[in-house]
2 protein chains.
Amino acid sequence: MLSREEYRRAQERAAQMLEEAGIVLTPQERAQIEVADFGLGDLEHTGLQLVTYINTERVCAKELVLFPHQTCPEHRHPPVGDDPGKEETFRCRRGLVYLYLEGEPTPSPKARPPQGREHTYTVWHEIELHPGEQHTIPPNTLHWFQAGPEGAIVSEFSTRSRDDTDIFTDQEITRATMVRD
Amino acid sequence: MLSREEYRRAQERAAQMLEEAGIVLTPQERAQIEVADFGLGDLEHTGLQLVTYINTERVCAKELVLFPHQTCPEHRHPPVGDDPGKEETFRCRRGLVYLYLEGEPTPSPKARPPQGREHTYTVWHEIELHPGEQHTIPPNTLHWFQAGPEGAIVSEFSTRSRDDTDIFTDQEITRATMVRD
Ligand SMILES: [Zn+2]
Ligand SMILES: [Zn+2]
């Protein structure tokens, strides 16, 4: 749960980071930046800010904004009906992102999961993305990511997003952010 | 047909426009910017420069760079096997783009087709895209676009690109650019 004021402040901060990166939004897109706290109410550590440009039956494109050291928690995108599951390409535009996937665990990984939630991070194959670098995540593959010390802007190119069917490792997570007045 | 030197100069010019827009490429992407003259050998008027970030079976993302008044000629993306045809979203990042689609013709359209090829432009429903504005083109729909006086950078979010099956209205067009040494 976030207060209306926390939500608004996070929107404003994300808008400013996008502007500094030269990414132009319409006034409406700017007003509708999505702030996700994944229900943990600890946005500084577990959270994500999103601008969704398009999400049709076939294609989705977003900008993801992460504050310094902010973490998008571990999840996967399972098959839904005929859809084999969401395929995501993350392209780093600004800052630095540590991406973790299923695969050979990386010794001495550089990111640390949010305190108190360590038990909900289980995949440790590390990929470091600097501006201009990208990685594609196959459907139904566990992944999580964390921004470096200056935050990050990441473009996501994917098949359709169905946030409500994403499966998070952390059972306390709910994808929909609730705002209290 | 383009000379090796024309090709290289167009790559360099596109790279500079992307850099000025704050879009970071890896050195390899920069070296591989695609220059398309659509076989007409008149790149200033009919042409397009492209960076393809990703093109999987399901998703494709590109940056399109257009020089001032440069035109991407009229075409459509037909169904291929199980694929209903490419669905494209164009998002303007810099400059100005005039996009033309099937539909009610716009009186006094702002763009003019390249001289001598006017007969190969048949759809005149105009959509003007400024930075932050975007439009989605359904599969198998005729479209073409032209940059304004300062050129343009356009992000394309789409299903898989199969350039070799695109259908151009201009029968003299070939999608593959040939370079002469
Ligand atoms: Zn994901
Ligand atoms: Zn097209």
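Remark: mean inter-chain Cβ contacts per residue of B:154-163 equal 3, using a 10 Å Cβ-Cβ cutoff to other protein chain atoms. Mean partner shielding of peptide A:136-143, defined as the number of other chain Cβ atoms within 10 Å of each residue Cβ, is 1. Amide H to amide H, with H built 1.01 Å from N, A:Tyr53 comes under 5 Å of A:Ala61, A:Lys62, A:Glu63, counting only residues 5 or more places away or on other chains.
The fraction of accessible area contributed by carbon and sulfur in the protein assembly as shown is 50 percent, rounded to a whole number (1.4 Å probe; ligands and nucleic acids excluded). Computed with a 1.4 angstrom probe on protein heavy atoms, the B-A interface buries about 2300 square angstrom of accessible area in total. Evaluated at q = 0.15 Å⁻¹, the base-10 log of the normalised Debye intensity for the protein assembly as shown, with identical point scatterers placed on the Cα atoms, takes the values -1.30.
Restricting attention to the protein assembly as shown, close to 95% of DSSP beta bridges with both partner residues there are antiparallel. Taking the Cα centroid of the range A:48-104 and of the range A:145-173, what is the distance between the two, rounded to the nearest whole Å? The two parts, judged by their Cα centres, are 4 Å apart. Placing +1 on the Cβ of every Lys and Arg and -1 on the Cβ of every Asp and Glu, with nothing else charged, gives the protein assembly as shown a dipole about its Cα centre of roughly 380 debye. Each Cα pair under 8 Å and six or more residues apart adds its sequence gap; the mean of these over the residue count of chain B is a relative contact order of 32 percent.
Fraction of C-alpha pairs exceeding 24 angstrom in the range B:4-168: 31 percent, rounded to a whole number.
Coupling constants for the range A:51-61 follow from the phi torsions by the Karplus curve (6.51 cos²θ - 1.76 cosθ + 1.60, θ = phi - 60°), and in residue order they are 10, 9, 6, 7, 8, 9, 4, 10, 9, 9, 9 Hz; glycine and proline get x. Of the peptides B:152-165, B:70-83, the ranking by mean beta-carbon count within 10 Å, highest at the top, reads B:152-165, B:70-83.
Mean per-residue shielding of peptide B:11-22 is 1, counting Cβ atoms of other chains within 10 Å of each Cβ.
For chain A, the 222 nm mean residue ellipticity estimated from helices alone, with every DSSP H stretch of n ≥ 4 adding -39500 (n - 2.57) and the total spread over all residues, rounds to -3500 deg cm²/dmol.
The values are calculated or read from the model by the stated rules, or taken from the named source; none is laboratory data. Since the model is a prediction, treat every value here as computed from it, not as a measurement. All Cβ positions, even for glycine, are placed from backbone atoms using ideal geometry, and neighbour counts span all protein chains on display. Quick note on the areas: whole protein, heavy atoms, side chains included, nothing else; ligands and nucleic acids left out. Shrake-Rupley method; radii C 1.70, N 1.55, O 1.52, S 1.80 Å.
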